[in-house]
1. Would you check which residues across the range 21-75 are within 10 Å of the chain's Cα centre (by Cα), of a type in the set (Asp, Glu) and farther than 23 Å from ALA86 by Cβ and list them?
2. Run SER50 past the list (1) in a helix (DSSP H, G or I); (2) touching a helix residue (DSSP H, G or I) at 6+ places or on another chain (Cβ under 8 Å); (3) among the polar types (S, T, N, Q) and report the number of the one that doesn't hold.
3. Scan the range 23-59 for residues that are in contact with a Pro (Cβ under 7 Å, 6 or more places away or on another chain) and either under 21 Å from GLN73 (Cβ atoms) or open to solvent by 70 Å² or more (accessible area, probe 1.4 Å) (or both) and jot them down.
Amino acid sequence: MRSPETAQPPDGAPASLPPLWTIPDCAAYLQKSPRWLSTELTKHPGQPGSIPHVRVGRSPRFFPHDIAEWVRQGSPPAATIADWKAA
């Protein structure tokens, strides 16, 4: 598994865009197991502690800055992402 901090964008991708994290990448950042993270993704976005993510096909992916901010904000419901991003 690559380290999320050292992951490089693929050739031709803008260097200014951080790569999306996979489940193992995000789990490593949160210091949780990939299995725990997969289970947490079944929460409804309005539930407390729901994790902000996007789906690429059926695969969940995570924006590193969103996950870091989600942790700093005390893990609010993912559905309120616009509110806590604006704060």
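1. Result: ASP25, single match.
2. Among (1) in a helix (DSSP H, G or I); (2) touching a helix residue (DSSP H, G or I) at 6+ places or on another chain (Cβ under 8 Å); (3) among the polar types (S, T, N, Q), the lone unmet condition for SER50 is (1).
3. Result: ASP25, ALA27, ALA28, TYR29, LEU41, PRO45, GLY46, GLN47, PRO48, SER50, HIS53.
The values are calculated or read from the model by the stated rules, or taken from the named source; none is laboratory data. From a predicted model like this one, the values you see are computed outputs, not experimental measurements. With ideal geometry, Cβ positions are generated from the backbone for all residues, glycine too; neighbour counts draw on all protein chains shown. Surface areas here come from the heavy atoms of the whole protein model, side chains and all, with no ligands, DNA or RNA. Shrake-Rupley method; radii C 1.70, N 1.55, O 1.52, S 1.80 Å.
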